[in-house]
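See structure below.
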Amino acid sequence: MDVRAQLLVEHSKANTQKITAYIGDAPDRIAELMNCFFSNEYRVTQRAAMAVSDCFDQNPELMRPYLKLLCQNLENEDLHIAVKRNTVRILQFIDIPEELQAPLFDRCLAFLMDAKMPIAVKAFSMGILYNICKGFPDLKAEVIPVIEQELTHTESAGVRSRAKNILKKLEAL
């Protein structure tokens, strides 16, 4: 299968599942998908995002070689929102190496403070920020006020719930 060509066939759950099944646990096949995910082709990266997320759900270890690129990719201001959303969704479940934590912390804090950032990106970013704070509890002093501010401005029940949960965990650190 040519993964890029298959991504362009259609944007659907069925097509994503077909790609995910093809990739399985093959490193060479995930490499082809990740090349699409990190490309500069707007539609290709958008469609690859869902497949990358599904592949992670099936086999999280497949993402380990791409951890640094996933973190660095978030620095790109022109990323499709699907790429941001699926990247932070994945990163909240991975132990981030210390050398990648500072820039990721800053990026997730910026996502949380951005009034235009979608709800899912904010919620997943809170999870990443909490995970980093577990290793560096002093950072919670930066995170808590931002989450409290988000609580006063959001109308999203999901973000409110996640924020309250993360605040309790941060205060316990």
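The values are calculated or read from the model by the stated rules, or taken from the named source; none is laboratory data. Predicted, not measured: the structure shown is a model, and the values here were computed from it. Glycine gets a Cβ as well: all are built from the backbone with ideal geometry, and neighbour counts include every protein chain shown.
Some observations on this one:
- Among (1) closer than 16 Å to I128 by Cβ; (2) in contact with a Cys (Cβ under 6 Å, 6 or more places away or on another chain) - the single one T20 does not satisfy: (1)
- Counting only helices (runs of 4 or more DSSP H) wholly contained in the stretch 80-173, the ones carrying 1 or more residues that are of a type in the set (D, E, K, R) and not assigned by TED's automatic domain parsing to the domain that holds V44 occupy 98-113, 119-135, 140-153, 157-172.
- Yes/no for A5 being part of a helix (DSSP H, G or I), among the small types (G, A, S), out of contact with any Pro (no Cβ under 7 Å at 6 or more places or on another chain) and under 24 Å from V121 (Cα atoms): no
- You will find that of L112, L79, the residue that is in contact with a helix residue (DSSP H, G or I) (Cβ under 9 Å, 6 or more places away or on another chain) and farther than 25 Å from T20 by Cα is L112 and no other.
- Given (1) within 20 Å of P60 (Cβ to Cβ); (2) surrounded by 18 or more Cβ atoms within 10 Å (Cβ to Cβ); (3) at pLDDT 95 or above, index of the condition A82 fails: (3)
- Given (1) without any contact (Cβ under 8 Å) to a residue 24 or more places away in the chain; (2) crowded, with 18+ Cβ neighbours inside 10 Å, number of the condition N76 does not satisfy: (2)
- Test: D57 is out of contact with any His (no Cβ under 6 Å at 6 or more places or on another chain) and not in a helix (DSSP H, G or I): no
- S39 meets the stated requirement of being outside any helix (DSSP H, G or I), more than 28 Å from P145 (Cβ to Cβ) and free of Cβ contacts under 8 Å to residues at least 60 places away in the same chain.
- Test: residue in the stretch 156-168 that is of a type in the set (S, T, N, Q), surrounded by fewer than 19 Cβ atoms within 10 Å (Cβ to Cβ), within 27 Å of N76 (Cα to Cα) and touching a residue at least 24 places away in the same chain (Cβ under 8 Å): yes
- Listed by first and then second residue, the pairs linking a residue in the stretch 112-129 that is aromatic (F, W, Y) to a residue that is modelled with pLDDT under 95, with Cβ atoms under 9 Å apart and 6 or more places separating them unless they lie on different chains, are F124/R162.
- On the stretch given as the stretch 127-155, residues that are surrounded by 14 or more Cβ atoms within 10 Å (Cβ to Cβ), at pLDDT below 95 and of a type in the set (D, E, K, R) total 1.
- Complete set of residues in the stretch 85-116 that are surrounded by 17 or more Cβ atoms within 10 Å (Cβ to Cβ) and either among the basic types (K, R) or under 20 Å from E150 (Cα atoms) (or both): R85, V88, R89, Q92, L104, F105, R107, C108, L109, F111, L112
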